[in-house]
1. Enumerate the pairs (first residue in segment B:314-330 and under 19 Å from C:T81 (Cβ atoms); second residue anywhere and at pLDDT 85 or above and of a type in the set (D, E, K, R)) with beta-carbon separation below 7 Å, excluding pairs fewer than 6 apart on the same chain, so at least 6 apart or on different chains.
2. Just wondering, is there one or more residues in segment B:316-334 that are aliphatic (A, V, I, L, M) and touching a helix residue (DSSP H, G or I) at 6+ places or on another chain (Cβ under 7 Å)?
3. So the check is Cβ under 9 Å with 6+ separation or different chains; which pairs have a first residue in segment C:105-128 that's farther than 24 Å from C:A155 by Cβ and a second one that's among the charged types (D, E, K, R) and assigned to a helix (DSSP H, G or I)?
4. Given the conditions (1) farther than 20 Å from B:A126 by Cα; (2) surrounded by 18 or more Cβ atoms within 10 Å (Cβ to Cβ); (3) more than 17 Å from the chain's Cα centre (by Cα), and given that B:T368 satisfies all but one, which numbered condition is not satisfied?
5. Determine the pairs where a residue that is surrounded by fewer than 24 Cβ atoms within 10 Å (Cβ to Cβ), located within segment A:164-178, has a partner that is part of a helix (DSSP H, G or I) with Cβ atoms under 6 Å apart, the partner being 6 or more residues away or on another chain.
6. Return yes when A:L152 is more than 22 Å from the chain's Cα centre (by Cα), surrounded by 15 or more Cβ atoms within 10 Å (Cβ to Cβ) and touching a residue at least 12 places away in the same chain (Cβ under 8 Å) and no when it is not.
7. Can you tell me which of B:V114, B:V79, B:V69 is outside any strand (DSSP E or B), at pLDDT below 90, out of contact with any His (no Cβ under 8 Å at 6 or more places or on another chain) and closer than 18 Å to A:G172 by Cα?
8. Conditions: (1) out of contact with any Ser or Thr (no Cβ under 9 Å at 6 or more places or on another chain); (2) assigned to a strand (DSSP E or B); (3) under 30 Å from B:K103 (Cβ atoms). C:I114 meets all but one. Number of the miss?
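The values are calculated or read from the model by the stated rules, or taken from the named source; none is laboratory data. Predicted model, so just to flag it, every value in this text is computed and none were measured. Here the Cβ positions follow ideal geometry from the backbone for every residue, glycine too, while neighbour counts run over all protein chains shown.
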Amino acid sequence: MKRPRIGVFKFTSCDGCQLTILNMEDEILDILELFDIAYFREATDKPLRGQFDISIVEGSISTDWQKEDIVDIRERSRHLITIGACATSGGLQALRNWASLSSYKKHVYPSPDMITALSTSTPISDHVYVDYELWGCPINKDALSETLISFLIGKRPGIPRYSLCMECKRHGIPCILVSNGEPCLGPITKAGCGALCTSFERPCYGCFGPKDDANIESLMRYFHNLGLTQKDCISLLDKMNSYAYRKVRIEGSK
Amino acid sequence: MTKAKIKKDHLKLIFDRLKTSHRIIGPKVEGNVIVLAEIADLRDIPAGCKEQQGRGTYRLGKNSSQLSVASSQIFSFSVGPDSFKRFMSPPVRENFAFKKSKKGISISQNSSQVREISTAFIGMRACDIAALRLLDKVFLEGPVKDAGYDSLRRNSLIVGINCLYPGDNCFCSSMDTGPVIRDGFDMAVTELDDSFLLEIGTVRGREILNGLPIDEVSDKDLSEKVSKIEKCKKMIKKSIKVSELPWLIYRNLEHPRWADVAGRCLACGNCTQVCPTCFCNSSYDNLQLSGISKKLPELSGARIRTWDSCFSTNFARVHGGNFRPSRRARYRQWMSHKLAYWIDQFGSPGCVGCGRCITWCPVGIDITQELEALHAR
Amino acid sequence: MHDKSIPFEATIRWIKKETRDTATYALKINSREIQRTYTFKPGQFNMLYIPGIGEAPISISSSPTDHEIMHTIRIAGDVTTYISRLNAGDVIGVRGPFGSNWPLEEIEDRDLMIIAGGVGIAPLRSVIRHILMSGRRKKPTSRAPIGRKFILYGAKTPKDMIFRDEFPRYMDAFQVFLTVDKADPEEYWRGEVGLITGLLNKVSFNPLNTVVFMCGPEVMMQGMTKEMILRGVPGEKIFISMERNMNCGMGVCGHCMFGPKFVCKDGPVFRFTDIEGFLGIKEI
């Protein structure tokens, strides 16, 4: 069998999701045996050349040239998978979509004039067709290997679409929302992280993005009753998946 | 001997006796919640604790004064999120391991060792025992017996506790499942003022007491039990009119209330996960990269079964379609199954009135209220 | 009895392509022991298993008297797609048989009307072949049904018609009526064009003496049942085979619930009057 060619690409992001691949210590040899990693700037200096069976894309589109690059990558790829909150929902940097770019630049950079960027940060799927999206900040390594395996043997990846609560309950983690009144986004957030925060008694802050048909409005009403202001509620949602939560919220209110 | 009495301090003797031959599962505090877990010491049991349960809230505290729990009470608390389900039909379990080669398929079942370990459940409530008997019907009395459940069930010993202080969301009395344990136990315990009244259900239950210092049971003890349980019944606030089931639901499958509850329901599945009778699950093939051979299609992996929920969006998905895409339909499916379909399927409602779904619903949807609302035209 | 929670191996003996997306696979059970204990009735299904991919519930399209177990499979999901790429000699996993069956005892001296849409003909082929074979038996003990028998079958286009080559043989025992939603202009088609309900006008039958076996898309079955009842066929004598998402096949996973019924163990074949209250309800 010819090993499928994989390319790993990066746009605006922190590299954390790519690092997940390098951190797959137990699996990395298997990956190399089964796949041909033909482009991966974080790990090798192989030049960008030819077509890819799978392109793994990290990061959001936030500059003009990225808009062209992603089209080029799409044209080189049989399948395109996005990894992480940036690539699937614009990332933390999408917070500038609801603010002014110039004021952000001023606050962040010593010489803002040298920065050219779009006023928005958007997910890859706003620009090209995406075959599969892996959520998470960063992604879960088991989900990545499930996706790669699924590609190899020809099936749909079995990645959960239900709420984090299901994962918490399976692990027997006491619910901090109900038992402590902590504003936990678990009920409206996708499972898949392995209930990481909640197992340390920290409320979920939604890094795996909204679950299918998340009823955000109802949970926010409940938080409001707990004493959170409207502004508190919005800032809970405005994190790395801000773009996705806002989108679901608009769709849910229709 | 079907009844006996022991001094309160002697509960430890029973515990120690069980511990020599059993893994002991019982109530224990984790975080701010009373869960069911392995307990090594009788002191793990949160003696004298009382939780306040509301719609979507649970607060653990020491005896709250308004309930006037006697200060010497050990089993003053009520049910937490866990039930027998977690142990008899574990959240994740392996159906079998598989190996596929060019020539064929080989399937192997490694009989998990946990199944063989005898487990004693102590402090189980009447509603939990009633729920276990409902799970028996699902897993043992269908066309194919669930072998995993069967062996876990056979290796369990049940020490039940009669509830004297109900939880705020309990309605077992109206479901006729509690608060007193009627059957399905090896030993049932009632906490009297200065002793424990023990009722023996099975030979195994009796063997626990062999050689232990037990007292005769007097009529006074029995009447104390009855009066304590009557008092408990009076404290139960919620109820369901079982006589209206299943017809109240069958007549109202298109009631506007379903759309109303869909506006509140998060479809997070918490109610189904804490429900002691919700048995829905999904099996899938789990593959690891190390199990994939370079010579495809050779591969190996395991078929895993996990708890699932009718609230999962793709629970009723078939190729190219979903039978229940809306939250309205999924909530209706859950509640109708609990309170109506179950009666047709297994002869009694699938709800035992433990109130877990009310407590652990993040937005406090109350099944008793939702049912009541179906009366409105 | 073999353990129905564990798949057993079966070898594909031959494959016959039926349409562009459907083929019939004949299976032979590898283990002698299971061969002996494996018996099924027309209308039941097996869970076909591809390790690593998953399981799919597929009805049995052969008669119990056939030498092989046949499955007629349309490409729909991952498992069926995978199966479509297999060849004779390949081995797959099988669990079963599961579910209820067509009540053959109901038809003994009555008229039988078999109504099928699309791939829904697959579980009914089991009955058809069973009747054809029992008719051939000459023993006085064999109780071949003696009433009139009809097959009404609808497909999207003539090319989507499954078992098209077998219908002439079916005419030995059945009156066969075929229709398509759309005739293909490229191909010669002299049958009917239009809804399957339209075929009823061609059939002369006594509604009070007729038993109906039906399988197809749910909308079609709803329309057809309504039509049959209007014509006076008692609802008690209409049997329909349902489809839902099945995961365990044994009534312990909850996926296939249809109202109070588990399609996998109470069905897939239901008496219409047992489920009629739930048939029209959306998203039940």
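1. Filtered contacts from segment B:314-330: B:N314/A:R161; B:V318/C:E243; B:V318/C:R244.
2. Looking only at segment B:316-334, we keep the residues that are aliphatic (A, V, I, L, M), and these are B:316, B:318, B:329.
Adding the requirement that they be touching a helix residue (DSSP H, G or I) at 6+ places or on another chain (Cβ under 7 Å) leaves none.
No, segment B:316-334 contains no residue that is aliphatic (A, V, I, L, M) and touching a helix residue (DSSP H, G or I) at 6+ places or on another chain (Cβ under 7 Å).
3. C:E106/C:K237; C:R110/C:K237
4. If we test B:T368 against (1) farther than 20 Å from B:A126 by Cα; (2) surrounded by 18 or more Cβ atoms within 10 Å (Cβ to Cβ); (3) more than 17 Å from the chain's Cα centre (by Cα), just (1) comes out false.
5. Matching pairs, first to second residue: A:I173/A:T198; A:I173/A:S199.
6. yes
7. Details: B:V79 fails: at pLDDT below 90; B:V69 fails: closer than 18 Å to A:G172 by Cα.
The unique qualifying residue is B:V114.
8. (3)
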